[in-house]
Every structure is written in C-alpha cells, then in structure tokens.
C-alpha cells in the first residue's frame, strides 16, 4: 500500500509506528521527521538544493517529503548533523565521565515516576497542618529528596546520552538527531 503524507502524519500522531516502519514511505517519512528542527530541515533543503524561501516552518516536512529527496541525501545530511553534534560531546566525554563517577549514591530521594509535584502534594502539602512542622520537613527532608532526585536525573540523562552515542557511532546505524519518539 502506498501512503500519502497526510496518512503518514496521522499514523505518526497516533503512535502507530509498526505501520510506519512496515512501508518504504513510512521509513522515509520517519527519517525526515527525525530532523524535526528548523535548522536541521534548512540543512537538508540546502543539501538537496531545494529552496525554502516563502515557506513556513510547518510546511518544511511536507515539502521535503513530496520532493522525493534521495535516501542517500537524507542519510548524508543526518550523518553530517550528528557528527557535528557528536564532535562537541566527544570533546567533553572524558571530562563528563569523570564527573559522572563522582556520584557515589544513587538514591531517587523517594520521588517516583518523575512526579515531583505529586510527591510534594501527597507527602507534605496535604498531610501537614502545622507551619513549623512543614518548615522543618522542608529543611530536613524535602531539600535532601530534591537534591537526590536532581542528581539521579542528571546521571540518568548523561549516561543515556553516552550509551546512545555508543550505538549511534556504529557504522551500520543511521543515528537520530535531536529527541524523537
């Protein structure tokens, strides 16, 4: 089955990735969609020698999709963008690893599922009626919990990026640039 841009956009918005990855048009769409930042799209317009004049940013993906840019041009563009970003991270990688090793205790501080607001409301705001008791809890518990949560989140973020880079650096992998679904 051949898909149109609007059909592929609908599948993407409905998180129907199996359907997207099951067709050449879907894979083509996902590769273009992975460039979903203005500067990345402009890079591809330039590489494909397509004018982006008089276009709104929201039109970029559809215009690129309908332009039938070769997969090689898309791959080259993605690899160039990735290598530029990766080069910056690579230059700081050893320092980052040294910094990550400084975290000796991995304790989320009692905050689960990244929901700081729910944690504070459920455990302090709705339970404590005495102002002085609340101040004591803020100083003795909440600050510790928030610090632990921030440290663990920081560690998770940067170790995830390092691990992703290990995979993305493999010669048989087409890396993603930016954050995508």
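Things to note:
- According to the Cα-based calculation, Rg over Rh for the stretch 45-145 is 1.29, with Rh computed by the Kirkwood formula.
- Separation of the stretch 55-94 from the stretch 100-123 is 35 Å, based on Cα centroids.
- At the listed q of 0.13, 0.15, 0.16 Å⁻¹, the Debye profile of the stretch 5-69, built from one uniform point per Cα, gives log10 I(q)/I(0) equal to -0.34, -0.45, -0.50.
- Rounded to 10°, Cα long-axis angle of helix 143-168 versus longest principal axis of the chain: 30
- Tilt relative to the chain, helix 71-100 - C-alpha long axis, 0 to 90 degrees, to 10: 20
- The chain: relative contact order in percent, alpha carbon pairs under 8 Å with at least 6 residues between: 25
- Helix content alone sets the calculated 222 nm mean residue ellipticity of the chain: runs of n ≥ 4 DSSP H residues at -39500 (n - 2.57) each, divided across all residues, give -18500 deg cm²/dmol.
- Option label - Rg/Rh (Cα atoms, Kirkwood Rh) computed here, alternatives (i) 1.00; (ii) 1.13; (iii) 0.93: (ii)
- Rounded to the nearest 10 degrees, the angle from helix 24-33 to the longest Cα principal axis of the chain is 50 degrees.
- Most fluctuating residue given options 110, 26, 87, as computed from a GNM of the chain linking Cα atoms under 10 Å: 110
A short reminder: the numbers here are calculations on the coordinates, not readings from a lab. Note that this is a predicted model, so its numbers are computed, not measured.
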